[in-house]
Amino acid sequence: MSASAAQTWHHGLVARWWAEFNLDGPEIEFFRSFVESGQPALDAACGSGRLLVPYLHAGIDVDGCDISPDMLARARERATREGLDPPNLYAQALHELQLPRRFRTVIVCGAFGLGGERDHDLEALRRLFEHLEPGGTLVLDNQAPFAQPGLWRYWVKDERQELPREYRDEGDRRVTGDGSELELRSRILEVDPLAQRCVIQMRAGLWEDGQLVGEEEHTLAMTLYFTHEIVLMLERTGFVDIELRAGYEDRMPTSDDDFVVFIAKKPSVAG
């Protein structure tokens, strides 16, 4: 199945929103310790460079890949604007990954399950395994399905009768660096608890001088994974020594944690 079959919304105005407003978060420092101690590194599904660009500033040998050329263009623009050398960026889906070198560390932050195809996710883990050096480390995070109350309620049959939802009249509107405004509105179209899959639609609007001058609509499909499912998938694709962390702290997760981080090793070559 081709990358075009994956449903994501990280394009056009949505990519611009990510580049303008999604710039910080605890993930940056948490993942940094892994890429610093294991280079070269790959920021898989790097988006607009939220993690990648700070790591490049730190002199870390890190490449990036993403399914969205628009997101990569934003990452490249930011690196140039901040005086960095052009990074190695590849427009590839994780389940089709084929890069020219191997890595000591691969990180996947906020991306596993996006696209909504379970076979893609399993193949993505196989490809990431192949792209690691022997003894290399994969660090991957996942938000627990029950940590998303707006979606979790629709696992109940009677609640799903409300779907698809309508857009709200007003969304989240913010002023960009050039003075224009971006607004995002989203709605839930579908939740399938058997497949553990949901489909969400995003409408992005561009406003200038109080007038709507551009509008786009994109659809995101996601497969929602529980913690022990991912452990089994990692084991199935060859990873060993799998450890869990509460995101994004150095402790074991509990049922009260929204995010879990998986740290998994590719076996070292014997001898």
### Message
Starting from the 7 Å offset along Cα-to-Cβ, what nm value, one decimal, do you get for the label separation of Ser33 and Glu159?
### Response
3.5 nm
### Message
Placing +1 on the Cβ of each Lys and Arg and -1 on the Cβ of each Asp and Glu in region 1-142, which of Phe21, Leu56, Leu140 has its Cα farthest towards the positive end of the resulting dipole?
### Response
Leu56
### Message
With the crude spin-label approximation of a point 7 Å out along Cα→Cβ, what separation in nm comes out for Glu215 versus Phe146?
### Response
4.0 nm
### Message
Just to check I understand the Karplus step: with θ = phi - 60° and J = 6.51 cos²θ - 1.76 cosθ + 1.60, what whole-Hz values come out for region 180-185, glycine and proline as x?
### Response
6, 10, 10, 10, 10, 10
#### Entry: Net charge contributed by nearby residues that have their C-beta within less than 11 Å of Glu190 (K/R +1, D/E -1)
+3
### Query
What is the distance, in nm, between label points placed 7 Å from the Cα along the Cα-to-Cβ direction at Val231 and at Leu99?
2.8 nm
### Query
Rounded if a/c is under 1.5, else prolate if a/b is larger than b/c, else oblate: which is region 185-267, with a ≥ b ≥ c the root eigenvalues of its Cα gyration tensor?
prolate
### Theoretical ellipticity at 222 nm over the chain - DSSP helices of four or more residues, -39500 (n - 2.57) apiece, nearest 500
-7000 deg cm²/dmol
### Query
Taking 0.36 nm per intervening residue step and subtracting the Cα-Cα distance, what contour gain separates Arg81 from Glu181 on full extension?
33.9 nm
### Task
Please compute the net charge surrounding Arg153, taking Lys and Arg as +1 and Asp and Glu as -1 over other residues with Cβ under 15 Å from its Cβ.
-1
### Query
When the dipole is taken about the Cα centre of region 63-184, and only Lys, Arg (+1) and Asp, Glu (-1) are charged at their Cβ, what size is it in debye, to the nearest 20?
380 debye
### Message
Please report the net charge: other residues with Cβ closer than 15 Å to the Cβ of Asp61, K and R +1, D and E -1.
### Response
-1
### Task
Report, for region 84-190, the % of DSSP beta bridges that are antiparallel, rounded to 5.
45 percent
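Can you give the extra length, in nm with one decimal, that the chain gains between Val240 and Ala91 once fully stretched, where that is 0.36 nm per residue apart less the Cα-Cα distance?
50.8 nm
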### Task
Scan the chain and hand back the longest stretch that contains none of the trypsin sites (Lys or Arg not before Pro) lying in DSSP loops with at most 15 other Cβ atoms within 10 Å.
1-100
#### Entry: FRET E, pair Arg251, Glu170, Förster distance 45 Å, beta-carbon r, rounded to 0.05
0.70
### Task
Counting other Cβ atoms within 10 Å, keep those with at most 14, restrict to DSSP loop, and tell me which GluC sites (Glu not before Pro) in region 1-110 are left.
Glu82
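Just so you know, all these numbers are worked out from the coordinates, no wet-lab data involved. Note that the structure is a prediction, hence the values are computed from the model and not measured. Here Cβ is always computed from backbone atoms with ideal geometry, including for glycine, and neighbour counts include all displayed protein chains.
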